[in-house]
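> Handing you this structure, nothing more for now.
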Amino acid sequence: MARTIMHIDLDAFFVSVEQALNPELQGKPVVVGGSADKRGVVACASYEARAFGLHAGMPLTTASRLCPQATFIEGSFPKYRDASQRFMAILADFSPSLEPVSLDEVYLDATGFESIYGSIWQMAVAIKQRIRDELGLCSSAGIASCKVVAKIAAELSKPDGLLEIARGEERSFLAPLPIAKLPGVGKKTERILSGLGIDTIGKLSVMPLSALKSRFGASGELLHRYANGIDNREVEPPGAAKSISRETTFGKDTKDRSLLEATLRYLGERVGAELRRRGRQARCVTLKLRYADFTTIARSRTLKQASNTDQTIFDTGLELLNKALAQEKQPVRLIGIGVSNLVEPGRQLDMFDPSAQRLEQLNIAIDRIRDKYGFTAIQTGRTLQLKEIFPTGGEGYTLQTPSLSR
Ligand code: TTP
Ligand code: MG
């Protein structure tokens, strides 16, 4: 279904909270981060201070040289946390589907809210007004068909901005912007792309997908999609994305090693597919076993490198399974595998491990075929065995646990 996503970010957040509490600071260059003679960096500079070239991350000494008339404030986190909570509470009045990204930044799923506010634009105006009235803060909002475009729109509209990108206009909106505006493009990626003559999102969008994938692995695919204004990520309320797991109970308790492994492989592939669909990587893999007497164990392993490949999930799960079965002789009633400690793959962009990249590419290819023809269209040697045991529906095997058909 076509969605409408809003991204809202407070302007110069830390400083604006200080200015709201102390009107004398309003309209002036103000820096939160520490006193001018201290070591340390600017956490937040007011827009008046930004006019002098000040920005977050700049050493305080440099900031005071560039703008000696600025007021420097130590800052106090509890104040910002309180303001953030009140900000989120206002947004919760507008939509139940909210995803806070940081203290001052949130995605809101506004799909279908036109009928209440007249338009999503009007809804954003109402949100901005309440934030101003109740918190004394300015905010900026972006409205678009997907997260990445909404976020960039909000950023471009700052300060006190509102920008809506019409459906179908995503690519043309992004095309002239510098690549650094695209989430996931850090300093290193920017340098590599610049070296290839790619300086705008438009140029990135027409770069062959294969070239991006061979350079950046799975992250290359993400770059390609984002550059083309395509982003399927949903607005995920807190907690929703903390872990992903799949489990199933066997019809009959079993000690059959190859059945256990095949089921583990299948469940691991389900977890991997969901992980990739959410655009995440995992740092931790957990195996769950319930034995015939209902004793339930969970064993976890932290990965050296965050991953989203079926192979890594399965290999880690298998190691844990071998260990567990060596210690317990009872038949197994239930098996499950999950991933947690999920991270954005952004940092993965800097990883140049060719074998990991090959695996990522293989998984992308598998996902694509499965999207088209159903989950069981592709089977590995191990899961093939399941064909004889479980009936297949279009979506996958029919296992005991309903969540597995997802
Ligand atoms: P941002 O939303 O990135 O920045 P901002 O709100 O100050 O300015 P704007 O959104 O208008 O561009 O970050 C929110 C707060 O997070 C910011 O006020 C202070 C804190 N922060 C740091 O402590 N260190 C940093 O390097 C950054 C970028 C932000
Ligand atoms: Mg902000």
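The values are calculated or read from the model by the stated rules, or taken from the named source; none is laboratory data. Model, not experiment: these values are computed from the prediction. A quick note on method: Cβ atoms are made from the backbone with ideal geometry, for glycine too, and the neighbour counts reach across all protein chains shown.
> Just need a number here: residues in segment 156-172 that are in a helix (DSSP H, G or I) and either within 16 Å of ligand 1 (Cβ to nearest atom) or buried (at least 19 other Cβ atoms within 10 Å of the Cβ) (or both).
So the count comes out to 3.
> Got a sec? Which of A211, A166, A175, A110 is closer than 30 Å to R81 by Cα and among the small types (G, A, S)?
On inspection, the qualifying residue turns out to be A110.
> Can you tell me which residues in segment 100-118 are surrounded by 15 or more Cβ atoms within 10 Å (Cβ to Cβ) and of a type in the set (S, T, Y)?
Y107, T111, Y117
> Tell me yes or no: at least one residue of segment 303-310 is closer than 27 Å to R233 by Cα and small (G, A, S).
yes
> Within segment 9-26, restricting attention to residues that are outside any helix (DSSP H, G or I) and farther than 25 Å from L98 by Cβ, which residue is farthest from ligand 2 (Cβ to nearest atom)?
N22
> In this structure, is M88 in the same structural domain as S157 (by TED's automatic domain parsing), away from ligand 1 (no atom under 15 Å from the Cβ) and under 28 Å from the mean Cα position of the chain (by Cα)?
In short, no.
> Is it fair to say G53 is at pLDDT below 95 and in the same structural domain as E99 (by TED's automatic domain parsing)?
When the stated conditions are applied, G53 does not pass them.
> Ok, one more. I'm told S97 meets every condition in (1) surrounded by fewer than 20 Cβ atoms within 10 Å (Cβ to Cβ); (2) modelled with pLDDT of 95 or more; (3) in contact with a Pro (Cβ under 8 Å, 6 or more places away or on another chain) except one. Can you identify the failing condition by its number?
(2)
> List every residue pair whose Cβ atoms sit under 8 Å apart, with the two residues 6 or more apart in sequence or on different chains, where the first one lies in segment 98-113 and is in contact (Cβ under 8 Å) with a residue 40 or more places away in the chain and assigned by TED's automatic domain parsing to the domain that holds G142 and the second, anywhere, is in a strand (DSSP E or B) and surrounded by fewer than 18 Cβ atoms within 10 Å (Cβ to Cβ).
Listed pairs, sorted by first residue: V106/P100; Y107/V101.
> Does segment 34-43 contain any residue that is away from ligand 2 (no atom under 16 Å from the Cβ) and modelled with pLDDT of 95 or more?
no
> When only residues in segment 69-89 that are in contact (Cβ under 8 Å) with a residue 12 or more places away in the chain and surrounded by fewer than 17 Cβ atoms within 10 Å (Cβ to Cβ) count, which is farthest from Q129 (Cα to Cα)?
Q69
> Kindly indicate whether any position in segment 175-194 is on the phi > 0 side of the Ramachandran plot and in contact with a helix residue (DSSP H, G or I) (Cβ under 9 Å, 6 or more places away or on another chain).
yes
> Say we look at segment 292-303 and pick out the residues that are farther than 18 Å from E261 by Cα and at pLDDT 90 or above; which of these is surrounded by the fewest Cβ atoms within 10 Å (Cβ to Cβ)?
Only one residue fits best here, namely D293.
> Taking the residues in segment 186-229 that are at pLDDT 90 or above and touching a strand residue (DSSP E or B) at 6+ places or on another chain (Cβ under 9 Å) as candidates, determine which candidate is nearest to L359 (Cα to Cα).
E190
> Scan segment 47-65 and give yes if some residue there is under 18 Å from M123 (Cα atoms) and out of contact with any helix residue (DSSP H, G or I) (no Cβ under 9 Å at 6 or more places or on another chain), otherwise no.
No - not one qualifying residue is present in segment 47-65.
> Any chance segment 5-19 includes a residue that's on the phi > 0 side of the Ramachandran plot, crowded, with 17+ Cβ neighbours inside 10 Å, within 12 Å of ligand 1 (Cβ to nearest atom) and at pLDDT 95 or above?
Checked against the condition, which is being on the phi > 0 side of the Ramachandran plot, crowded, with 17+ Cβ neighbours inside 10 Å, within 12 Å of ligand 1 (Cβ to nearest atom) and at pLDDT 95 or above, segment 5-19 yields at least one hit.
> As an exercise: evaluate G57 against (1) within 25 Å of G136 (Cα to Cα); (2) within 16 Å of ligand 2 (Cβ to nearest atom) and give the number of the one condition it does not meet.
(1)
> Yes or no: A141 surrounded by 14 or more Cβ atoms within 10 Å (Cβ to Cβ) and either assigned to a strand (DSSP E or B) or not aliphatic (A, V, I, L, M) (or both)?
Yes.
> Something else: Filter segment 290-321 down to the residues that are part of a helix (DSSP H, G or I) and among the small types (G, A, S) and list them by number.
Passing the criteria: only G317.
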